[in-house]
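Student: Let me begin by handing over the structure; questions about it come next.
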Amino acid sequence: MAEQLSQRLEKEPHNAEAWVMLGRIQRALARYDQADAALQKALALERNDDVMIERAEVLAQKKQWGVQRRTLGYHQQRAQDRSAKR
């Protein structure tokens, strides 16, 4: 669905509503960078307080996801280090 909407936006780049929808889809798929980019495009076309709040939520999720990935990486590295010492 995200791919189809992206293709539609190539033909209709000034469709703010479609950009919001793409941002929501990307967010649901945990693609926070893409969700943020889509919501930024929507906001550039049309200011909307609700979309601004959604973007803030995406930015928070993006930051939280980065922390989770770093934490997971740290624990994986420690497990590898312990295995190497055996």
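Student: With the condition kept exactly as written, say whether any residue in the range 29-45 is on the phi < 0 side of the Ramachandran plot, modelled with pLDDT under 95 and touching an Asp or Glu at 6+ places or on another chain (Cβ under 7 Å).
Tutor: no
Student: Does the range 73-86 include one or more residues that are out of contact with any strand residue (DSSP E or B) (no Cβ under 8 Å at 6 or more places or on another chain), charged (D, E, K, R), at pLDDT below 75 and not in a helix (DSSP H, G or I)?
Tutor: Yes, the conditions are met somewhere in the range 73-86.
Student: While we're here: Tell me which residues, restricted to the range 46-60, are assigned to a helix (DSSP H, G or I) and surrounded by 15 or more Cβ atoms within 10 Å (Cβ to Cβ). It would help to see each step written out before you state the result.
Tutor: Within the range 46-60, the subset assigned to a helix (DSSP H, G or I) is 49-60.
Listed by number, the residues that qualify are VAL51, GLU54, ARG55, VAL58.
Student: List pairs: first residue in the range 49-65 and farther than 13 Å from VAL20 by Cα, second residue assigned to a helix (DSSP H, G or I) and charged (D, E, K, R) anywhere in the structure, Cβ distance under 9 angstrom, at least six positions apart or on different chains.
Tutor: Hits for this filter: GLU57/ARG27; LEU59/ASP36; GLN61/ARG27; LYS62/ASP33; LYS62/ASP36.
Student: Conditions: (1) hydrophobic (A, V, I, L, M, F, W, C); (2) part of a helix (DSSP H, G or I); (3) loosely packed, with under 13 Cβ neighbours inside 10 Å. ALA30 meets all but one. Number of the miss?
Tutor: (2)
The values are calculated or read from the model by the stated rules, or taken from the named source; none is laboratory data. Keep in mind the model is a prediction, meaning the values are calculated, not measured. Counting neighbours? That spans all protein chains shown, and the Cβs are built from the backbone with ideal geometry, glycine included.
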